[in-house]
Amino acid sequence: MRTAPEQREPAGSPERSEALAEPVRRVGRGWVALYVLANAGVFIPMHVPTTFLMPEQIAQIDPAGKVGSYAWVSMMGAISGIVIAPLAGALSDRTTGRLGRRRPWLLAGSLVCVATLVLTGLQTTVAGLALGSLVLSASFMVIGAGLSPVVPDQVPVTQRGAVLGWAMVPQAGALIAGGLLIGLVTGFPAQYALISGLPLLILLFALTMKDPPLSRAHREPFSARAFLDGYRISPRAHPDFVWAMGSRFIMGLGYGMGTLYLPYFLGDVLHYERLFPGRSTEDGLLIVIGVNSVATVSTVVLSGRLSDRLGKRRMLVFLGGLTMAVAAVPLALSPTWTMTLIAAVVLGLGYGVYLAVDTALVTEVLLASTDRGKDMALANLMTSLPYVLVPPIASLVLEGPGGYSSLFLCSGAVSALGALLVWKVKSIR
């Protein structure tokens with residue numbers, strides 16, 4: 001484990017000290033439970049539309065050009081995070097007032113998310129879906145500006161693996177839970193409206209958590225130049241942060257290449273509806289996601305706790321990432337339904353190990369306590385930014401020799417590289 005991040009603040013008021021001090025008091029079970037529910041309110045609405053609803057909407061609107069249209073819609077959602085995520089994080093770090101630094105962003109982002117989900121369900125054009133994807137992604141970036149820094153703000157280093165392990169359960173199970181949820185109703189408007197109630201869980205956490213206010217007198221100054229300087233992080237001065245971000249980005253690229261086009265793989269390559277007459281491709285997708293989710297949940301909490309007890313994060317991140325890479329190889333060599341399920345299990349086991357431990361590792365290499373929101377936003381951006389590159393890369397690979405087999409092999413190679421890069425983070429065991 002490394003020492004606490006550089007504080008970089010002058011001695012100030014008690015308000016400032018409480019808001020920016022390195023946490024030492026362990027959080028209780030009630031806090032963890034509400035934090036887990038808040039994460040459910042984020043991850044289910046974040047992943048269900050892009051996995052289940054938007055691909056089917058696009059297939060109905062533009063069946064001939066669905067691959068290109070889906071790539072465009074996905075890119076619009078990812079692009080919005082490039083500027084909004086670090087900007088919202090930087091502003092969250094500088095937010096003053098009685099509500100604290102993080103709570104206003106949780107409240108605003110949640111309300112925008114609810115409205116956007118409802119409106120996206122009413123869209124009947126690709127352009128309308130692209131706009132909905134952009135605004136929806138922006139709302140999650142705003143929520144993230146309040147939710148992501150909460151762990152380094154309030155959870156001590158020795159408890160972060162366990163807390164993040166539980167917090168990642170909703171992310172691991174988001175698709176299966178969301179898939180079952182939208183299966184209760186029919187029609188896109190009703191399905192979107194149903195999941196729009198989940199961000200209310202974020203409001204519950206925001207209204208009950210402790211969020212010490214930041215003294216206005218000691219708020220860090222903000223300007224466009226200061227914001228842009230946040231992107232210029234010296235590899236020489238902060239090598240561990242840079243390598244951690246690089247590893248995260250490469251892992252996100254590999255994971256996205258292997259999973260983003262799964263709905264079309266099941267329909268166009270496996271011909272799932274022919275294999276199982278009477279079932280839809282969406283049924284097959286839900287089965288694959290369910291298998292993957294169970295495997296992920298089975299390792300995510302255990303690996304987080306283990307990393308706390310051993311005090312070793314890098315080895316677990318490496319093993320998880322390497323397992324994810326291995327999962328792509330058999331599917332590339334033998335694209336069958338049985339192999340798809342096996343790959344889903346292996347990928348889930350590796351992802352569960354990687355998910356919580358890598359996030360705990362990132363919280364230990366943040367640059368300064370004054371910039372936790374911005375730095376965590378950059379870390380989250382490294383997992384969403386790859387989705388800007390995945391669609392054009394995947395389209396090129398799919399048009400070349402090998403098709404989906406080549407895409408899965410590329411996914412495995414990229415994931416293996418991302419796993420290797422974590423060893424460049426020297427200050428973390």
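Assess whether Met251 counts as being buried (at least 19 other Cβ atoms within 10 Å of the Cβ), closer than 30 Å to Leu407 by Cα and among the hydrophobic types (A, V, I, L, M, F, W, C).
Taking the combined requirement at face value, the residue satisfies it.
It is to be established whether one or more residues within the range 27-38 are of a type in the set (D, E, K, R), in contact with a helix residue (DSSP H, G or I) (Cβ under 9 Å, 6 or more places away or on another chain) and assigned to a helix (DSSP H, G or I).
No, the range 27-38 has no match at all.
Given the criteria farther than 30 Å from Phe227 by Cα and touching a Ser or Thr at 6+ places or on another chain (Cβ under 9 Å), does Leu420 qualify?
yes
Quick one: would you say Pro391 is modelled with pLDDT under 95, over 22 Å from the mean Cα position of the chain (by Cα) and either assigned to a helix (DSSP H, G or I) or not aliphatic (A, V, I, L, M) (or both)?
Criteria not met by Pro391.
I'd like to check which helices (runs of 4 or more DSSP H) are fully inside the range 268-368 and have at least 2 residues that are touching a Lys or Arg at 6+ places or on another chain (Cβ under 6 Å) and either of a type outside the set (Lys, Arg) or free of Cβ contacts under 8 Å to residues at least 24 places away in the same chain (or both).
Fully inside the range 268-368 and qualifying: 337-363.
Which numbered condition in (1) within 25 Å of Leu366 (Cβ to Cβ); (2) assigned to a helix (DSSP H, G or I); (3) of a type outside the set (Asp, Glu) is the only one that Phe265 fails?
(1)
Does Ala377 meet the test of being within 16 Å of the chain's Cα centre (by Cα), buried (at least 23 other Cβ atoms within 10 Å of the Cβ) and small (Gly, Ala, Ser)?
Considered against the rule, which asks whether it is within 16 Å of the chain's Cα centre (by Cα), buried (at least 23 other Cβ atoms within 10 Å of the Cβ) and small (Gly, Ala, Ser), Ala377 comes out as yes.
The values are calculated or read from the model by the stated rules, or taken from the named source; none is laboratory data. This is a predicted model, so every value here is computed, not measured. Neighbour counts run over all protein chains shown; Cβ positions are idealised from the backbone, glycine included.
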